[in-house]
Structure formats: C-alpha cells, structure tokens
Amino acid sequence: MNMFYLVVFGISSFVTLPQGTSFISVSLPFIIFYIILFNEDQARGITLLNYIGLAFICQLTSFMRYQLKIKQFSQMVKIENINALLGKESREDSMTGLRNRFALKDDLDCFKGKKVCVLMADIDFFKQFNDTFGHRVGDIVIKEIARTVKEVFEGEYCYRYGGDELMVIVPDATLVYMEDQVALWKKKISEIHIEGVGRKLSCSHGYAFGMVYNMKDLEKIHEEADIELYKAKENRSW
C-alpha cells in the first residue's frame, strides 16, 4: 500500500498533465486500488475519509504543478516577444521602418564576397521644409520618401542613415539596374503630395560600386557614394 501511495504521489508531483488528463490519471488508480482492496478484505486497512483526502491532495498537487508550468511558459513567451521587439527596435528606425546603422553592421555578412552598389541620398531642402512648414510636415516628408524607397528597392537593403540621409545597398547590382531604379524612385517622389505644402519633393543622390570583403571596403564605397551625392547637391536652389 505504501508503494502505491508513493507511485501515485510521485506521478502527481513530477508529471505535468492537463487538468482533465490529470484528474483521470490520479483518480483512476485510487478507484481501482480501492476496489481491489475491497474485494480482498473489505478494505479494512483504509480509512475512506483519509483515502479520499489523499486522492484530493494528489489532485491538487498535480493541478498546482500544471498551473505553475502554464505560468512559466507564459512568462517565457512574453520574454521572447520582448526580446524580439527589442531586437527589431535596435535594428529598425521607428519613424520610417527602414533599417538603421546598427543593422548595417549586422548586415555586413550579407555583402561579403559580393560586388555591391551603395546609393546615398538626402532630401532636398529638408531644413527649409522644417523651418517653413514645421517639424510635423518634416516628419511626413521623411516618412513619404522612405515609403517610396521601400516600394522601389523592395528586397534590397534600405537604411535611414541619419536625419534625412538615406542609404540603399544593392548586392550584385548593374549600372543599368541602378539607373532604372533611381529614375523610377525619383518619379514616385515627384508624385508625392502633402496637404498644405505647395512644393514638390525631390532628393539628390550619388552611388558607387565596389567589392566588399570587410567593413573597410564597405566604408570606402560609402565615401565614394557620398562624394557623388555632394556633387549632385552643389547646384540645388530653394
């Protein structure tokens, strides 16, 4: 009898089962064992009240263990969701949904051993938009430009590099592809209409090609694209 109690209590204490399954798994052995003892000697060695109480304790132990497991699992899921959210926020610009500089470092392995094109661009006269129409409009301008970047360069690596400066990295790009995509992008920008703003939006850009084996290679291509961007900005007028 002691062995029976030990086995049933062990099952209820260390095996995690759903509530319904647990009820059957714990109750059924108690019932069967009682029937066997009753058939042998009318279960004289058992006080029924104590026997039922022990069965109840085993049920309660199993139930509490199951609830604890559910709680632990729920907490684990919450922690994983929080970590995923933090990981996303650390790599993504919250305003535009584009990647940020932290993501650029993480993405380096995607470019190693490949010829890439780095496109650098900034929004023409962005400061004047802010000063003339307010920062709310300035934020809308950035969001709209970012939207067109994601539409045109879908599947490529698009970043908000800082302020109104944007970066697109295209692995295995050709000059013809970049010219076509940039033309399409500028067309989409020209179609943007912001209520209360009577000016057309535009961006200046520059791009450069090169092989990437490490971060220094990528930085060099970035610098060359920046030079081309600054050349394009020289003749702008508000």
(message) What do you get for trypsin sites (Lys or Arg not before Pro) in the range 147-216 restricted to DSSP loop and a cutoff of at most 15 other Cβ within 10 Å of the site's Cβ?
(response) 199, 200
(message) List the residues, sorted by chain then number, that are 5 or more residues from residue 114 or on another chain and whose placed amide H is less than 5 Å from its amide H.
(response) 212
(message) Going through the cross-link list 150/188; 114/188; 114/231; 186/233, which pairs have a Cα-Cα distance over 18 Å in this structure?
(response) 114/188; 114/231
(message) Quick query: amide H of residue 97 versus all other amide H atoms, modeled in the peptide plane; which residues come in under 5 Å with a sequence gap of 5 or more or a different chain?
(response) none
(request) Lys and Arg at +1, Asp and Glu at -1: add these up for the other residues within a Cβ distance under 13 Å of residue 215 and post the number. (result) -1
(message) Let me make sure I get this right: for the range 102-186, a, b and c are the square roots of the gyration tensor eigenvalues over alpha carbons, sorted descending. Under 1.5 in a/c it's rounded, otherwise prolate if a/b > b/c, else oblate. Which is it?
(response) prolate
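Bear in mind these aren't lab numbers, they're just calculated from the coordinates by the rules spelled out. In this text, all values refer to a predicted model and were calculated from it rather than measured experimentally. Neighbour counts are summed over all protein chains in view; Cβ atoms, including those assigned to glycine, are modelled from backbone coordinates with ideal geometry.
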